[in-house]
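Asks: After the structure tokens below, expect a handful of questions from me.
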There are 2 protein chains.
Amino acid sequence: MKQKVTLKQIANELDVSIGTVSKALRNSKEISEDTRQKVQAFAKLYNYRPNNIALSLKNRKTKTIGIIIPEIVHNFFSKVIRGIELVANKKGYNVIVGLSNESFSKEVINMEMLANGSIDGFILSTSKQTMLNQDYHHFTESINQGMPIVMFDRVISEIPCDKVIVDDFEGAKKAVEQLIAKGCGKIALITTKDYVSVGKLRTQGYLSALDSHKIEAAASLILKISEEYDSEDQLEGLESEIENLFKDNPDIDGVFAVNELYALSAMKVARKLNKTIPEDIQFIGFTDGMLAKHATPSLSTVSQHAQQMGEKSAELLIHRLEHEEEEESYQTVIIETELILRNSTQ
Amino acid sequence: MKQKVTLKQIANELDVSIGTVSKALRNSKEISEDTRQKVQAFAKLYNYRPNNIALSLKNRKTKTIGIIIPEIVHNFFSKVIRGIELVANKKGYNVIVGLSNESFSKEVINMEMLANGSIDGFILSTSKQTMLNQDYHHFTESINQGMPIVMFDRVISEIPCDKVIVDDFEGAKKAVEQLIAKGCGKIALITTKDYVSVGKLRTQGYLSALDSHKIEAAASLILKISEEYDSEDQLEGLESEIENLFKDNPDIDGVFAVNELYALSAMKVARKLNKTIPEDIQFIGFTDGMLAKHATPSLSTVSQHAQQMGEKSAELLIHRLEHEEEEESYQTVIIETELILRNSTQ
DNA sequence: TGTTAACACGCAAACGTTTTCGTTAAGAAT
DNA sequence: ATTCTTAACGAAAACGTTTGCGTGTTAACA
């Protein structure tokens, strides 16, 4: 087992000083052609690579980005990571991932674990519990200590940092307007509880679309799912809530759901109630993931361009890291949504 | 912006030496009760946290695990990551993720990027291109340099390292035997090209099941999909290949597919050809992901327990990292598959 | 021959820790 | 009064780099 070779070892072997070896490898003009070649040859032979940790300590930069997300088994978040990794890697950065699992304390612990020198900056999406608690001290602290943050999707408006969001309001509005254009008059909304910022915005988009087409919104048509039904193995609860919605309002002819799962479950319930899609009732979901394309019928969705969000987040963070002196003001980038029409709409 | 405080700064403020501060914080008996309290109070006030990078350099351990996977937007891999992160975090480790995107060179580059001190060990699943090339020098080098590797799912048998695999052979066999038990006599196989180790093993399981029930295997019933059709937006090619299979063999009454996507596409084609599922034709797929549960009809699958694979991989790696002196022999852990029956089978 | 400039290299500090090994002073023991 | 012990702390090395600066050697020049 030939261990990693260090400058010191090379220096000893070649009877020169450590500094000389370092300079020779970096092609410093201070070093003679002779020794430079000798050192480089030796280094190549022994496959010398500078130790990242030592470099990080010296430069006070790790070239590593910390990502904190609520959940990784989720098409949206994994696409964001892919986007981040793509541009990070291109610029010589690594990404280190922490999962909050929607829990406030895990979010805090993960951030503290990484903030002590392991990374140069954060890209994160807030956990639901944090939004509920409204305790943001870990974000403020990180920023105060000079560790920049980029928030995406689930952002906190009070926190001064770069943000990348999707236009949830407009996206939802576009979707509902599409339903209206296709003849829907009684459109239900399946959404989350209000403390999830994106859910709230999408709800507002839904209301706005109705309003601008003089359709009266009805509280009975809005179903707010509590998060206990979000888990993959709690589908029955979700479905029975939806079933109640349909039974209480048998004349629903359109459904807008704030995520794929809600939309698919709703379609399932509709089929069970012998409604045909899209003739009797049409569906549009938010978030264009794996499920929508392969559903039967395939689901029309509002695509968030998750990978693009990741790419943009990484660009913002890296730019800030590499132009620290300039202290630019924080920006909020809005990624356009795109309506993808499939067979769940006419 | 109060920057991170260091031992040196505390030492200066309190007019003691750096060493004293360090000892005081670690409750060394060398330090008087008096100064110990003073130092600890000061440290708490300024929220002192030891710098991870400095510790890594000193201890020659980073407490970080490198994960290299072919793709992150994939239910299986993200579940594995979740498992790894779970036990890693519990044991005080971080995880840093590199994506090979199924490319050999990206796999190599990512590993080199991490191997220079950034991590203590790898958990990885080989890219397809690497399996095709059969060039494993980056694995051997890493191991030779004392950086342990744990391979999962797509493993290389020649490489001496811990491995976590699923029993692809038995899993496939169980699935096919289930089809046979439910009355299928003409069972097609939709699989990958042979260089993907898991695809090969699953194919062998299929053949073995047929053989042990005296059913003759027919080459015409085995469809090997080339990887160019694996991308999400190349579904048409995949579907037309499957359609040909069905048209050439109209009496197929069972299909075993080595992944979810193939199975779902096959079901879609079957529906298009006016076959009813599961009466006319039954389906079982490998890998229990998001799609299977939500397909119509829901797809029976062979579950790989991805998260458990991740957990086991992390346990193996961390155990080896923390018992380096003992030089235990390498083990291969087999995670049992589980047949999950849904509505695509009778 | 003496001065100077360029060249080639070594030294040492710095990044932030931990830890071993002194060192000092006070008090106890002889 | 002298030696010994012990408590409490400081100094310095080490982890692996990079880099500014000092220095010795050589060759060129006056």
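The values are calculated or read from the model by the stated rules, or taken from the named source; none is laboratory data. Predicted, not measured: the structure shown is a model, and the values here were computed from it. Cβ atoms come from the backbone with ideal geometry, glycine included; neighbour counts cover every protein chain shown.
Asks: Is it true that some residue in segment A:192-212 is more than 30 Å from the chain's Cα centre (by Cα), closer than 22 Å to A:K275 by Cβ and either surrounded by fewer than 21 Cβ atoms within 10 Å (Cβ to Cβ) or not aromatic (F, W, Y) (or both)?
Replies: no
Matching residues to (1) assigned to a helix (DSSP H, G or I); (2) away from DNA strand C (no atom under 13 Å from the Cβ); (3) under 30 Å from B:L317 (Cβ atoms):
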| site | (1), (2), (3) |
| --- | --- |
| B:Q3 | no, no, no |
| B:V21 | yes, no, no |
| B:K38 | yes, yes, no |
| B:R49 | no, no, yes |
| B:I53 | yes, no, yes |
| B:L57 | yes, no, yes |
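Asks: Restricting attention to segment B:86-135, which residues are in a helix (DSSP H, G or I) and over 18 Å from B:P70 (Cβ atoms)?
Replies: B:L86, B:V87, B:A88, B:N89, B:K90, B:A115
Listed here are the residues, each with its yes/no results for (1) small (G, A, S); (2) in a loop (DSSP other than H, G, I, E, B).
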| site | (1), (2) |
| --- | --- |
| A:I143 | no, no |
| A:I156 | no, yes |
| A:A175 | yes, no |
| A:L201 | no, no |
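For (1) outside the structural domain of A:K106 (by TED's automatic domain parsing); (2) surrounded by 21 or more Cβ atoms within 10 Å (Cβ to Cβ), each residue gets a yes or a no:
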site: A:D15; (1), (2): yes, no
site: A:V21; (1), (2): yes, yes
site: A:Q40; (1), (2): yes, no
site: A:P70; (1), (2): no, yes
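Asks: Tell me, please, whether a residue that is out of contact with any Asp or Glu (no Cβ under 8 Å at 6 or more places or on another chain), near DNA strand C (Cβ under 9 Å from one of its atoms) and either assigned to a loop (DSSP other than H, G, I, E, B) or not hydroxyl-bearing (S, T, Y) (or both) can be found in segment B:59-67.
Replies: Looking for residues that are out of contact with any Asp or Glu (no Cβ under 8 Å at 6 or more places or on another chain), near DNA strand C (Cβ under 9 Å from one of its atoms) and either assigned to a loop (DSSP other than H, G, I, E, B) or not hydroxyl-bearing (S, T, Y) (or both), one finds at least one in segment B:59-67, hence yes.
Asks: Residue check, A:N274 against (1) without any contact (Cβ under 8 Å) to a residue 24 or more places away in the chain; (2) closer than 17 Å to A:T191 by Cβ, all met but one. Which one?
Replies: All conditions pass for A:N274, except number (2).
Asks: Which one of the conditions (1) more than 39 Å from the chain's Cα centre (by Cα); (2) near DNA strand D (Cβ under 7 Å from one of its atoms) does B:K58 fail to meet, given that it meets all the rest?
Replies: (1)
Asks: Still on this structure, please answer the following. Please note which strands (runs of 3 or more DSSP E) are completely contained in segment B:217-330 and include at least 1 residues that are more than 30 Å from B:V95 (Cβ to Cβ) and charged (D, E, K, R).
Replies: In segment B:217-330, B:222-225 are the strands (runs of 3 or more DSSP E) which contain 1 or more residues that are more than 30 Å from B:V95 (Cβ to Cβ) and charged (D, E, K, R).
Asks: Here is a follow-up. Report whether or not A:I53 is more than 14 Å from chain B (Cβ to nearest Cβ), modelled with pLDDT of 95 or more and within 12 Å of DNA strand D (Cβ to nearest atom).
Replies: Here the answer is no, as A:I53 does not meet what is asked.
Asks: What are the residue pairs meeting all of these: first residue in segment B:101-117, first residue at the interface with another protein chain (Cβ under 8 Å from one of its Cβ atoms) and of a type in the set (A, V, I, L, M, F, W, C), second residue assigned to a helix (DSSP H, G or I) and crowded, with 18+ Cβ neighbours inside 10 Å, Cβ atoms under 6 Å, and 6 or more apart or on different chains?
Replies: Sorted first by the residue in segment B:101-117, then by its partner, the pairs are B:A115/B:S142.
Asks: Then there is this: Would you check which residues across segment A:164-191 are under 25 Å from A:L238 (Cα atoms) and acidic (D, E) and list them?
Replies: Answer for segment A:164-191, where residues must be under 25 Å from A:L238 (Cα atoms) and acidic (D, E): just A:D168.
Asks: A further question on this structure: Which condition does A:V176 not pass, out of (1) out of contact with any Cys (no Cβ under 9 Å at 6 or more places or on another chain); (2) buried (at least 16 other Cβ atoms within 10 Å of the Cβ); (3) away from chain B (no Cβ under 14 Å); (4) modelled with pLDDT of 95 or more, if it passes all the others?
Replies: The failed condition is (1).
Asks: A further question follows. Give all pairs with beta carbons closer than 8 Å in which a residue from segment A:215-235 that is more than 24 Å from A:S103 (Cα to Cα) and within 14 Å of chain B (Cβ to nearest Cβ) meets a residue that is modelled with pLDDT under 75 and surrounded by fewer than 16 Cβ atoms within 10 Å (Cβ to Cβ); count only pairs at least 6 apart in sequence or on separate chains.
Replies: none
Asks: Quick one: in segment A:83-100, which of the residues that are facing another protein chain (nearest Cβ under 9 Å) and surrounded by fewer than 20 Cβ atoms within 10 Å (Cβ to Cβ) is farthest from the chain's Cα centre (by Cα)?
Replies: Step by step, filter segment A:83-100, then rank; the result is A:G92.
Asks: Okay, moving on. Say whether the condition of being more than 8 Å from DNA strand D (Cβ to nearest atom) and either within 21 Å of B:A115 (Cα to Cα) or in contact with an Asp or Glu (Cβ under 9 Å, 6 or more places away or on another chain) (or both) is met by at least one residue in segment A:26-33.
Replies: no
Asks: Also: So if I check each of B:K91, B:K44, which one is under 20 Å from A:N101 (Cβ atoms), more than 8 Å from DNA strand C (Cβ to nearest atom) and of a type in the set (K, R)?
Replies: B:K91
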